[in-house]
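I'd like to ask you about the structure that follows.
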Amino acid sequence: MELTEIRNKIDALDEEIKALLLQRLACSKEVAEAKASEGETKIYRADREEAILERLGNDVPEVVRREYLAIVRKIMETSRMYQYGLLYDWNPAQYEGLFANVPYEFPSRKVKILLTRPNRPNAMSSILSMVGDYGYNMEKMELLSYTEDRQAVRFLLTVRGDLSERHMQKLMVQLAGESRDFCIMEVLR
């Protein structure tokens with residue numbers, strides 16, 4: 001095959017993938033609606049995602065399994081991002097506690113956050129990816145400690161952005177939902 005033919009084939013596949021991803025996002029919205037109607041705010045289920053990855057990767061050839069699973073992880077991460085955003089849009093008062101004891105003036109330039117995440121591959125990169133997907137940059141990320149059993153990792157993050165922006169607030173909601181001991185430590189002007 002000529003390079004042009006291969007690129008045309010990829011373009012056609014991209015259109016099919018786009019249609020399927022939009023269908024999947026529509027399903028994610030339905031999940032968020034069901035959770036909202038039940039008063040549920042828990043989106044991230046690491047155990048469920050691990051089981052899905054194992055099931056989907058089971059019959060994928062070894063030569064492309066890691067790459068395939070990286071794409072699936074990103075799809076699941078994006079689905080969670082969409083669901084957190086919807087729940088926040090539908091009921092922002094539900095998340096006021098995240099911001100209640102944080103003294104800050106608008107606009108802010110940086111937000112310092114303390115959080116604990118499961119100690120697994122991609123622990124740091126998933127945070128970086130999340131921050132970037134919301135349109136922000138990480139200024140600093142420091143691994144502070146491991147839990148005694150080494151099952152979790154504590155991080156101090158500095159994210160460049162304004163906490164008064166809705167997308168920054170949604171990022172905080174997602175980070176809090178996917179972390180233990182989430183705390184906004186400081187907001188800097």
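Just how many % of Cα pairs in region 39-189 lie over 20 Å apart, if you round to the nearest whole percent?
Percent of Cα pairs beyond 20 Å in region 39-189: 52.
How many percent of Cα pairs in region 1-123 exceed 23 Å?
53
Next up: Which value, in debye to the nearest 20, gives the size of the charge dipole of region 31-189 about its Cα centre, when Lys and Arg are +1 and Asp and Glu are -1 at the Cβ?
340
Kindly write out, for region 128-133 in residue order, the coupling ³J(HN,Hα) from the Karplus curve 6.51 cos²θ - 1.76 cosθ + 1.60 (θ = phi - 60°), rounded to whole Hz, with x marking Gly and Pro.
Running phi through 6.51 cos²θ - 1.76 cosθ + 1.60 with θ = phi - 60° gives 4, 4, 4, 4, x, 5 Hz.
Find which of W90, Y134, T147 sits farthest along the positive direction of the dipole of the chain, computed with +1 on the beta-carbon of Lys and Arg, -1 on that of Asp and Glu, about the Cα centre.
Positive-most Cα among the choices belongs to T147.
What whole number of Å gives the distance from the Cα centroid of region 1-63 to the Cα centroid of region 156-171?
Between the Cα centre of region 156-171 and that of region 1-63, the gap is 26 Å.
Taking H as built 1.01 Å from N, whose amide H comes closer than 5 Å to the amide H of E139, not counting residues under 5 places away?
For E139, the qualifying residues are T158, V159, R160.
Residues with amide H under 5 Å of M185's amide H, sequence separation 5 or more or different chain, H placed in the peptide plane at 1.01 Å from N; which?
K112, I113, L114
Determine the alpha carbon to alpha carbon distance for each of K42/K140; K35/K112; K18/K112; K18/K74 and list only those over 25 Å.
Pairs exceeding the cut-off: K42/K140; K35/K112; K18/K112.
Placing one identical point scatterer on every Cα of region 65-147 and ignoring solvent, what is log10 I(q)/I(0) from the Debye formula at q = 0.26 Å⁻¹?
Taking Cα atoms of region 65-147 as identical point scatterers yields -1.42.
Here's a follow-up. Please sort by residue number the trypsin sites (Lys or Arg not before Pro) in region 85-159 whose DSSP state is loop and whose Cβ has at most 14 other Cβ atoms within 10 Å.
When the trypsin sites (Lys or Arg not before Pro) of region 85-159 are filtered for loop state and at most 14 Cβ neighbours within 10 Å, R109, R150 remain.
Note down the nm distance, to one decimal, between modelled labels 7 Å out along Cα→Cβ at K112 and at V63.
With each label point 7 Å from Cα toward Cβ, the separation is 5.1 nm.
Also, I was wondering about something else. Tell me the carbon and sulfur percent of the accessible area for region 74-189, rounded to whole percent, probe radius 1.4 Å.
Carbon with sulfur: 49 percent of the solvent-accessible area.
Let me ask something else. In nm², what is the average projected area of the convex hull enclosing the Cα atoms of region 1-45?
Taking the Cα atoms of region 1-45, their convex hull projects to 4.2 nm² on average.
The values are calculated or read from the model by the stated rules, or taken from the named source; none is laboratory data. Please read all numbers here as calculations on a predicted model, not as lab measurements. Positions of Cβ are generated from backbone atoms using ideal geometry, with glycine treated the same way; all protein chains shown enter the neighbour counts. Accessible surface areas use protein heavy atoms only, side chains included; no ligands, DNA or RNA. Shrake-Rupley method; radii C 1.70, N 1.55, O 1.52, S 1.80 Å.
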